[in-house]
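The values are calculated or read from the model by the stated rules, or taken from the named source; none is laboratory data. It should be emphasised that the depicted structure is a prediction, and the values quoted were computed from it without experimental measurement. Every residue, glycine among them, receives a Cβ derived from its backbone with ideal geometry; neighbour counts consider all protein chains shown. Surface accessibility is based on the protein's heavy atoms, side chains included, excluding ligands, DNA and RNA. Shrake-Rupley method; radii C 1.70, N 1.55, O 1.52, S 1.80 Å.
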Amino acid sequence: MQAYSGTNNTGFIHRLDARTKMAVAAGVSIVVVCLKEPLPLALIGIMGFFFLLSTGRFRLMALAYLFIGLMLITAAGCAIPIIKLLKGSDASYADFLVPFLRIIATMNVVLAMALSNRIQGMLSALKSLRLPLFIYLPTSATIRFIPVFMEDVRQIRESLKIRGFHIGVKSLFLHPILTLRLMFAPLVIRALRSADDLGMAAELKGIGLTTSSTHHNPTRLGFRDAFTLLFWVLLLGLSLGIEFGPLKEMLP
Amino acid sequence: MLNTLTPPTRYWQPGELIVIGIFSAMIKLSSLLIALTGGGMNPLSLVLKNLVATSLLVVLVFKVRKFGVLTLFVTVSTLISMLLDGGNIIRLPGALIAGGLCDLVIHFSGGYQKPGALIAGVAVFDLLSRFIALGLSWLTMREQPAMVMVASVIVALGYLGCLMGLFSGLHLSRELTHAGVLRHE
């Protein structure tokens, strides 16, 4: 994910405001649940695929598709005998087209958002949403804590390696409880200490007092955001029109 | 004059909010780490990642003993899921209801000072979260209920890990309190 890796891309989707991407993801998630026909779902899925392509992170995209594909094939493979057992009728992978399309259409847009968001962009977006402090502060603490956590994991793994204990697939399967205990007990202690330190620092800085903070560089929605939002509103409207409205005759 | 200089008392202190944020990150990343180390969707890593997530959630409610902690946790967690790992926004209303109900369970089963009430609240929270996940699966795959049945088996296996996590979380919280690392906010 972009937030974890910190790469710097300047493509179309990377220049979009995080609020725009959030709105697109929310809109698509809601609309695909209402749709039942393959054609409108495929339309959203294809446009979502191009949206995802514009992130330029092809390796991660391929991995995500491989993972989802394997998961769906496994799930359908387990479901086919159940259908045969319950209904006594044969089922094939083609019967799973609509649920698969729904999952892929949603995945494309939410993955596009996740792969193109930068930590600073997310924090600015959260600030610009004018969320109350009790939501904004823990959310930004979560985002800021991710690199610290990764570093803690690395350090603990290295210290365990020095003592002759290698954390990996083998140790997780052979000694699951010991592995978890060795890994997570120090992580929890470090996290609690970090939380105490950050909490005290926040108190001393006067975070959450009556005066509201001023924005050094306020984020505004631009032409790109307006264009993207308009495009997705029209596309979702068209899909709903094909499913429920006057365009229903287009369906085979 | 003195009153104007005294800062207003807030329900949530910054320290508590930061603890909630840090634990949201830990729960999310630990689950991800175990799933990746275990090689995806095998039963053992499924149980283990839920065990760790519930244990950490128990430590969180032992640390921040305040009405609304679970509601705030799910709000933050769902927002982060949406921004970072492609979580679905339509989970939010159900998750908020689950969080609120579980806070009420803790409140009415003895309050936030009783470990038993906290454990009961987390157990109900895990159960409701699983039902919401299944509800979302049904919405997505309603044309093929057999796939929801497959998802139910996976969710049930995950809940087994959660039940184990309740005990390990209680044990971990007691150890951390004894060591002086876990102090109530």
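Computed values, structure above
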{"read-out": "For residues of B:47-57, the mean tally of beta carbons on other chains within 10 Å", "value": "2"}
{"read-out": "About the Cα centre, charge dipole magnitude for the protein assembly as shown (Lys/Arg +1, Asp/Glu -1 at Cβ), debye", "value": "660 debye"}
{"read-out": "Accessible area, probe 1.4 Å, largest first, for residues A:166, A:14, B:107", "value": "A:166, B:107, A:14"}
{"read-out": "Share of carbon and sulfur in the accessible heavy-atom surface of the protein assembly as shown [1.4 Å probe, %]", "value": "69 percent"}
{"read-out": "Averaged over A:173-179, number of beta-carbon atoms from partner chains that fall within 10 Å", "value": "3"}
{"read-out": "Candidate residues A:240, B:51: accessible-area rank, largest first, probe 1.4 Å", "value": "A:240, B:51"}
{"read-out": "Partner lysines for residue A:36 [C-alpha distance under 16 Å; skip if fewer than 8 residues away on the same chain]", "value": "A:248"}
{"read-out": "√(5λ) per eigenvalue of the Cα gyration tensor, the range B:22-164, largest first, Å", "value": "24, 17, 15"}
{"read-out": "Accessible area per residue in Å² at 1.4 Å probe, computed on the protein assembly as shown", "value": "49 Å²"}
{"read-out": "Area hidden from solvent between B and A (accessible, protein heavy atoms only, 1.4 Å, total, Å²)", "value": "5900 Å²"}
{"read-out": "Listed pairs B:63/B:114; A:170/B:49; A:21/A:205; A:127/A:205; B:66/B:114; B:28/B:49 exceeding 21 Å between Cα atoms", "value": "A:21/A:205"}
{"read-out": "Accessible heavy-atom area order of A:161, B:66, highest first, probe of 1.4 Å", "value": "A:161, B:66"}
{"read-out": "Rotationally averaged projected area of the protein assembly as shown (alpha carbon convex hull; nm²)", "value": "25.0 nm²"}
{"read-out": "Viscosity 0.692 mPa s, 37 °C: Kirkwood-radius Stokes-Einstein D of the range B:73-125 over Cα pairs, µm²/s", "value": "281 µm²/s"}
{"read-out": "Shielding by partners - mean other protein chain Cβ count within 10 Å, residues of A:123-133", "value": "1"}
{"read-out": "Diffusion constant of the range A:131-205 at 4 °C, which comes from Stokes-Einstein with the Kirkwood Cα-pair radius and 1.567 mPa s, µm²/s", "value": "91 µm²/s"}
